[in-house]
Amino acid sequence: IVAEIEKKITEAFEVFDRESNKTVDARDIGCIVRSLGCFPSEAELRELLAKVVEEEEEEEEATRFIHLEKFLPVMTKVLLDRSYWPIQEDVLLHAFEALDENKCGYITKEDLVKYLTEE
């Protein structure tokens with residue numbers, strides 16, 4: 001099961017590894033964590049990032065870039081321990097209802113893309 005979790009984390013990390021050098025911008029860590037089904041608060045996310053950064057040698061670089069080899073063990077533990085609860089269904093439903101301006105019970109693909117990329 002650990003190997004499966006590590007594979008899932010690595011795949012999510014690689015989506016944001018634009019230069020294919022096993023590093024991501026620290027600002028992308030929240031997106032990576034959320035893509036793995038974890039929804040920490042901003043404070044919890046900063047704590048998680050601090051755990052990863054503790055492992056880095058160069059402090060200045062660590063605040064800008066996160067290396068997969070440092071992120072992987074920390075995130076694996078988070079997933080194994082189920083440290084963060086997923087968003088509750090009623091919260092998601094309320095969010096989609098807020099986006100459903102015409103109250104038709106659905107959001108078009110085009111509108112969802114617009115909301116996710118522009119607003």
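The values are calculated or read from the model by the stated rules, or taken from the named source; none is laboratory data. Every value quoted in this text rests on a predicted model; they were computed, and no experiment measured them. We place every Cβ from the backbone using ideal geometry, glycine too, and count neighbours over all the protein chains shown. To get the accessible areas, we keep the full protein, side chains included, count just its heavy atoms, and leave off ligands, DNA and RNA. Shrake-Rupley method; radii C 1.70, N 1.55, O 1.52, S 1.80 Å.
With Rg and Dmax of the Cα atoms in Å in mind, check (i) 16.6, 50; (ii) 14.9, 52; (iii) 16.6, 53 and report the label derived from this structure. Recomputing Rg and Dmax of the Cα atoms in Å here gives the entry labelled (iii). Over the chain, with a Gaussian network built from C-alpha contacts below 10 Å, which listed residue (Lys70, Lys103, Lys22) shows the highest mean-square fluctuation? Comparing Lys70, Lys103, Lys22 in a Gaussian network model of the chain, the most mobile one is Lys103. Excluding same-chain neighbours fewer than eight residues apart, the aspartates and glutamates reachable from Lys51 by a Cα-Cα span under 18 Å are Glu6, Asp25, Asp28, Glu42, Glu59, Glu60, Glu61, Glu69, Asp81.
Between the listed residues Gly37, Ile9, Phe71, the Cα displaced farthest toward the positive end of the dipole of region 1-81, a dipole computed from Cβ unit charges relative to the Cα centre, is found at Gly37.
Would you work out what percent of the accessible area of the chain, with all protein chains in place, is carbon or sulfur (probe 1.4 Å)?
Numbers: 4620 of 8750 Å².
Percent of accessible area from carbon and sulfur atoms in the chain: 53.
What the chain shows is 74 Å² of accessible area per residue, with the surface traced by a 1.4 Å probe over protein heavy atoms. Spin-label model, Leu93 to Cys31: label points 7 Å out along the Cα-to-beta-carbon direction sit 3.0 nm apart. Overall, the chain carries a charge dipole of about 400 debye about its Cα centre when +1 sits on the Cβ of Lys and Arg and -1 on the Cβ of Asp and Glu, all other atoms neutral.
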